[in-house]
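What follows is a set of notes on a single structure, which appears directly below.
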Amino acid sequence: MKIVLLGAPGAGKGTQAKALSEKLSIPHISTGDIFRANIKGNTPLGIKAKGYIDKGELVPDELTVEIVKDRLANPDCEKGFILDGFPRTIPQAEYLDKVLNNMKIDLDATLLINVDDKDIIERMSGRRTCPNCGASYHVVFNPTKVEGVCDVCSTPVIQRPDDAAETVLNRLETYHKQTQPLISYYEKAGKLKVAQGADEVDETTARVFKALGI
Ligand code: ADP
Ligand code: ZN
């Protein structure tokens, strides 16, 4: 399946993308993860992207779209893929349509994980991530088995710099202004499916699978 995940920052796209990736054996493509890997590796792309990300702004489209195009050309995407965090603007969605069209592939669905703003703020302030393997946790809703260290690789978990309180508000505002219009974009295209986010990760996963009919 070829799936786009939509939803506010902190709605749980990354977590659900991992579950989908395992269930369907297709790659999880997260532009946020790609940017973070580039920041960690101090690449030219990472250096350019960092300023925007730390402020809670979007990285400019021209830096973002090529990365996705290259990634989709990788043979592991032939069976399908889950796009998490892309597209995030109408121009990015139009670009994606063009790229997929050229590749003669069609999206199966765009899945919106729907979560209220007040829940988003609560979630992001408690979010912890593993700087080594990218696993994501929440101090209340999805804690690590041993306090403070990653279940997968035992690295101490951290709060992402852009999960700091002021940046979270900025990211939400950016989401409402720039990304939310994609909901009606995909609705008009007849691709939109919706799953209401639940507090429990497993419950959300069940709703996501159900919305996609898998
Ligand atoms: P979240 O969904 O929790 O906001 P992500 O890991 O998807 O987190 O993204 C982190 C940051 O990376 C975003 O706030 C944004 O600055 C940047 N980013 C990720 N994807 C895109 C994109 N498609 N276009 C522009 N900026 C992006
Ligand atoms: Zn880890």
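What's the local net charge at ARG128, with K and R +1, D and E -1, over the other residues with C-beta under 15 Å away? Working shown, then result.
On the way: positive: ARG36, ARG123, ARG127, LYS145, ARG160; negative: GLU122, GLU147, ASP151, ASP162, ASP163.
After counting each charged neighbour, the total is 0.
Given the C-alpha centroids of segment 161-214 and segment 25-88, what is the distance between them in whole angstrom?
18
Between GLY56, GLY190, GLY14, find the one with the highest GNM mean-square fluctuation for the chain; connect C-alpha pairs within less than 10 Å.
Among GLY56, GLY190, GLY14, the largest mean-square fluctuation in the Gaussian network model of the chain belongs to GLY190.
With a sphere of radius 13 Å drawn around the Cβ of LYS177, what net charge do the other residues whose Cβ falls strictly inside it have (Lys, Arg +1; Asp, Glu -1)?
On the way: positive: ARG88, ARG171; negative: GLU57, GLU173.
Here the count lands on 0.
Find the accessible area per residue for segment 1-102; the probe is 1.4 Å, ligands and nucleic acids are left out, and the unit is Å². Write down the numbers at each step before the final one.
On the way: 4580 Å² over 102 residues.
That works out to 45 Å² per residue.
A 27 angstrom limit on the alpha carbon distance is what I want to check against. Which of LYS40/LYS210; LYS23/LYS104; LYS40/LYS177; LYS50/LYS104; LYS2/LYS188 exceed it? Could you put the intermediate results ahead of the total?
On the way: LYS40/LYS210 36 Å; LYS23/LYS104 25 Å; LYS40/LYS177 29 Å; LYS50/LYS104 34 Å; LYS2/LYS188 18 Å.
Result: LYS40/LYS210; LYS40/LYS177; LYS50/LYS104 exceed 27 Å.
Lys and Arg at +1, Asp and Glu at -1: add these up for the other residues within a Cβ distance under 10 Å of ALA109 and post the number.
Details: positive: LYS2, LYS191, LYS193; negative: ASP108.
That works out to +2.
Counting alpha carbon pairs within less than 8 Å and at least 6 residues apart, what relative contact order, in whole percent, applies to the chain? Walk me through the numbers on the way to the answer.
Working: 314 pairs, mean separation 62.0, N = 214.
With pairs under 8 Å counted, the relative contact order is 29 percent.
When the accessible area of the chain is computed with all protein chains present and a 1.4 Å probe, what percentage of it is carbon and sulfur? Kindly include the intermediate steps, with their values, before the conclusion.
Details: 5620 of 10830 Å².
Within the chain, the accessible surface is 52 percent carbon and sulfur.
The values are calculated or read from the model by the stated rules, or taken from the named source; none is laboratory data. Everything numeric here is computed off the predicted structure, so don't read it as measured data. Note that each Cβ is placed from the backbone with ideal geometry, even for glycine, and that neighbours are counted across all protein chains shown. Areas reflect the complete protein model, heavy atoms only, side chains present, ligands, DNA and RNA absent. Shrake-Rupley method; radii C 1.70, N 1.55, O 1.52, S 1.80 Å.
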